[in-house]
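Structure first, commentary second.
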Amino acid sequence: MLNETLIEPAERELTDLIYAALLGERSWQDFLDRLNALIPGGVSTLFFHDQKSGEGGISLAAGLDADTARDYAAHYVGLNPWMHNVARTPLGTGIIGERIVPRDEFVRTEYYADFLQRRDIEAGVGVTLWREEACSFLLSTLTARVDPDANQQVADLLTRLTPHLTRAFRYYRTGRFDGALAQFGGSLLASPDVGVIVVGEGMVVRAASPRAEAMLSAGAVVGLTAMGTLRLRDDAAATLLKQMLTRGYAGPRSHSTHFGAYRLTLVKAETEGVTGYFSGLAATLIVEEARPAGAPDMGWLARRYGLTRAETRTVEGIVAGLTPIQVAESSCIGLETVRAQLKAVYAKTDVNSQAGLVRIAFGFPPPR
C-alpha cells in the first residue's frame, strides 16, 4: 500500500504542476514525471483512443521510450483489451484494470504477453478525462505492482486530479482559440474580401474573423448547419477538411482550390504532442473573394486594398492608360494631388509603379 503521508503532499504538488503547466511556468512532462515517481516500475501516459477507428496514440509519456510509444500506436493499440471497453467506463473516475477486464482473462491476451510483460508491467490504472464522440482522452499509469488495493489508491488519486485536468482541457479548447487568428496579421483580418475560420474536430467553428462571420451568415460558400457546425459548399474541400481533422492524417498540410468567385485555402494546424492532446485537432480555412475574370473590377480592387473613392478614380485612370497629368486634368485636380494619391495607393497595394498597379488590377501578381 502507498503511504498516505506521501500521497497527500504529492497530490498537492501534482495539482500545482497542472496549473503551472497550464500557465507555461512548468511543462506537462514535469507533471507526468512527478506522477510516475509514485508508481513502482511505472509508466505514465497521456493518450487518446478512437473507438470507432480503433486508432490511438501516446501524446506524452514518462518511463516509456519513443520507439515503444510508436510500437503501441502502430500495432498494440488494436490489441489493448482495456480499450475495447473504455467507452463504458465512467468519465472522470479512476479505475484499475481488473475492473475492466478480469485479471485471469487479461494475462491470456497477446497485449499482456507481448507488450506489457516484456517490460515487467503487470497492471494498469487509468481515468478518462474527456470524451468526444468515439474518441476518449485518458491519463494512464502502468505498474509492476499486482496488488489491486494499492493500485486503487492511485486510481483514487487520479479521480481527485481529474477536475483540475478537465479545466486544462476547457482552457485549451476555448481560451486558446481566442487569439488563434492573430497569427494571420491585422491586414489580412481587416480585409473586406478575406474570411479566416479556425475549425476544430467535428467541424466546429472555434474562431472566425469579422469577414468570415459575415460569410457564414450569407451562406454562399460557407455556412452553419442546424447543429452549429461548419458547412462548406465545395464537396471536395469539405472532404479534405474533415480528413485534416482526423487523427493520423498524413496528407498535405495545405491545399488551395476555387469555388465560384472564391479561393479556398485549407491549412492543417500544427497541434502535435501534448498541445494537440489538450487543444484538439484544428485546421484553418481561408476564404478569399477572387477578382472576376475579364476587365478590371475597380470596385473589387478598392475593397481588396481599402482605397478611397479619390484613390480609386486615380487608379482607374492609370489602368485606362492615362498619365498622371491626364488623370489630373480629367479629374480637375492638381498633379501633386494625383501623385500623393498614387503614393498612398502604392503603400496600400505593396507595389511601387504604375505598371504594378495595372498588373494587380488584371489579377496578376505585382512585379518583384
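The values are calculated or read from the model by the stated rules, or taken from the named source; none is laboratory data. Given the structure is predicted, the values throughout are model-derived calculations rather than measurements. Here the Cβ is made from the backbone with ideal geometry for all residues, glycine too, and neighbour counts use every protein chain on show. Just so you know, the surface numbers come from the protein's heavy atoms only, side chains and all, with ligands and any DNA or RNA stripped out. Shrake-Rupley method; radii C 1.70, N 1.55, O 1.52, S 1.80 Å.
Put simply, the amide H of Gly57, placed in the peptide plane, has neighbours under 5 Å in Phe48, leaving out anything fewer than 5 places away on its chain. When the alpha carbon coordinates of the chain are projected onto the principal axes, the ranges are 95, 40, 37 Å, largest first. The stretch between Glu336 and Leu91, if pulled fully straight at 0.36 nm per residue, gains 81.0 nm over its current Cα-Cα span.
Compare the Cα positions of Ala302, His255, Phe48 along the charge dipole of the chain (+1 at Cβ of Lys, Arg; -1 at Cβ of Asp, Glu; about the Cα centre) and return the one farthest towards the positive end. Looking along the dipole axis, the top candidate is Ala302. Remark: C-alpha extents of the range 1-107 on the principal axes read 36, 31, 26 Å, sorted largest to smallest. In the chain, carbon and sulfur make up what percent of the accessible area (probe 1.4 Å)? Looking at the chain in its full context, I get 53 percent from C and S.
For the range 204-214, backbone phi angles converted through the Karplus equation (6.51, -1.76, 1.60; θ = phi - 60°) give residue-by-residue couplings of 7, 7, 8, 7, 8, 6, x, 5, 5, 4, 5 Hz, Gly and Pro being listed as x. For the range 1-100, the relative contact order is 16 percent, taking Cα pairs closer than 8 Å that sit 6 or more residues apart in sequence and dividing their mean separation by the residue count.
Rolling a 1.4 Å probe across the protein heavy atoms gives the chain an accessible surface of 48 Å² per residue.
Along its principal axes, the range 84-150 has C-alpha extents of 33, 25, 19 angstrom, given from the largest down.
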